[in-house]
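Heads up, the thing below is written out as structure tokens.
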Amino acid sequence: MDHTNTSVISDEDIIEELYDLNKDPEELNNLAVNSQHHDLLRKLRVRTVEEMQKKDGDFVQYLPAPKERHY
């Protein structure tokens, strides 16, 4: 998976989204619900926080942690 798009949403009724934009450019197949992609999701969460903090995004420490979903 070379090109991905991810959205982290912490609302209780909405799950995270992860798409392989090379294979699914219309973003129809949410890979976040597939357990085989959960490790990638965890890595992307960490990377997103690191990138935000590099850009003076210290507010991220106050955001709620994503809820783990069990499928």
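FYI, it's all coordinate maths here, none of it is from the lab. All values derive from a computational prediction rather than experimental measurement.
Points worth noting:
- Rounded to the nearest Hz, the phi-derived 3J(HN,Hα) couplings of segment 28-44 under the Karplus curve 6.51 cos²θ - 1.76 cosθ + 1.60 (θ = phi - 60°) are 9, 10, 6, 6, 5, 7, 9, 4, 5, 9, 5, 5, 4, 4, 4, 5, 5, where x marks glycine and proline.
- Per-residue ³J(HN,Hα) for segment 46-63, Karplus 6.51 cos²θ - 1.76 cosθ + 1.60, θ = phi - 60°, Hz, x for Gly and Pro: 4, 5, 4, 4, 4, 5, 5, 5, 5, 9, 6, x, 5, 4, 4, 5, 9, 6
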